[in-house]
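The values are calculated or read from the model by the stated rules, or taken from the named source; none is laboratory data. Owing to the predicted nature of the structure, the values given are computational and were not obtained by experimental measurement. Here the Cβ positions follow ideal geometry from the backbone for every residue, glycine too, while neighbour counts run over all protein chains shown. What goes into the accessible areas is simple: the full protein's heavy atoms, side chains included, and nothing from ligands, DNA or RNA. Shrake-Rupley method; radii C 1.70, N 1.55, O 1.52, S 1.80 Å.
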Amino acid sequence: MSENERNRLTKIYTRTGDKGSTSLGGGTRVPKTHARIEAIGSVDELNAWMGMLICELKDCQILRHKLQKPLEFIQHRLFDVGGELAMPGYQLVRQEFVTYLEEVLDEFNEGLPPLKNFILPGGSRLACHCHMVRTVSRRAERRVIAAKEAGEEINAPLMQFLNRLSDLMFVLGRVTARQSGGEVLWQQSEKTKVE
C-alpha cells in the first residue's frame, strides 16, 4: 500500500476543500455548490434519516420483522445512489432496485384503507421518522432533477428509485401510524375566496 493510499484511508481532513471545491469520484474538481454536489449532499442526509428510522424501528417489535430487511436494503442502495452521483459515467442503481421498491410498496399498501383525507406526519415516533425520510427523499429527488436540468447525465433508474422511495415512505408512514397512535387526519380550515 502506498503512502497516498494509507493517508486516504486514515486521514479525515485533507484541506483540499478549504477554498470551496471538492472532487468527484474521477478526480474532477467542482465547486461545493455544484448541482451534482447538492444532490449528493441531499442523498447523504436522506441516508442519515434512513439510519435514524432503522434505529427507531428496533424499539417496535410488531413491525421490526417486516420492515428491517427492506429498510436495510434501501439504506445500502442509497449509498449506491450517492456513489453513482459521485462517479459520472458509471451506474450502480439498477432497474431491479426500483422493481423491489414497487413490490414492497404494493405489499404494504394492500392492507391500507383508501385515504379519504390528507394525513399529517404524526401518530407515532416511527411514523414521524418515515415522513422525515419521505420529505428528504423528495428533496433529494428535486436536487437530482436540478442536476439533470443543469446538464448532468443522470441514469433513469436512479431518479425512479428516489421517486418510488418517497411513495414507499408515505405508505410506511401510514402503516406505522396505524400500528400505534393512529393516523392524524388534516383538519382543514374554512376557506374563503379572495376577491
Exercise. Can Val194 be described as hydrophobic (A, V, I, L, M, F, W, C) and open to solvent by 90 Å² or more (accessible area, probe 1.4 Å)?
Worked result: yes
For this session: Please state which one of Phe73, Phe108, Phe118 is over 26 Å from Gly41 (Cα atoms), among the hydrophobic types (A, V, I, L, M, F, W, C) and open to solvent by less than 70 Å² (accessible area, probe 1.4 Å).
Result: Phe108
For this session: Mind counting the residues in segment 49-70 that are in a helix (DSSP H, G or I) and either under 23 Å from Asn155 (Cβ atoms) or in contact with a Ser or Thr (Cβ under 9 Å, 6 or more places away or on another chain) (or both)?
Result: 7
Exercise. List the pairs whose first member sits in segment 43-56 and is over 14 Å from Lys69 (Cα atoms), whose second member is of a type in the set (S, T, N, Q) and open to solvent by less than 20 Å² (accessible area, probe 1.4 Å), and whose Cβ atoms are under 8 Å apart, counting only residues at least 6 apart or on separate chains?
Worked result: Leu46/Ser137
Exercise. Taking segment 1-24 as the search range and keeping residues that are exposed (fewer than 10 other Cβ atoms within 10 Å of the Cβ) and assigned to a helix (DSSP H, G or I), which one is modelled with the lowest pLDDT?
Worked result: Glu3
Problem set entry | Where Leu57 falls short, out of the listed (1) within 16 Å of Val171 (Cα to Cα); (2) at pLDDT 95 or above | (2)
Exercise. If we scan segment 25-38, do we find a residue that is at pLDDT below 75, closer than 21 Å to Thr176 by Cβ and loosely packed, with under 15 Cβ neighbours inside 10 Å?
Worked result: no
For this session: Give just the number: which of (1) surrounded by fewer than 22 Cβ atoms within 10 Å (Cβ to Cβ); (2) touching a Cys at 6+ places or on another chain (Cβ under 8 Å); (3) not hydrophobic (A, V, I, L, M, F, W, C) does Arg138 not satisfy?
Result: (2)
Exercise. Taking helices (runs of 4 or more DSSP H) that do not extend beyond segment 76-195, which have at least 3 residues that are closer than 19 Å to Cys55 by Cα?
Worked result: 125-149, 156-179
For this session: Mind counting the residues in segment 162-186 that are in contact with a helix residue (DSSP H, G or I) (Cβ under 8 Å, 6 or more places away or on another chain), small (Gly, Ala, Ser) and over 15 Å from Arg64 (Cα atoms)?
Result: 2
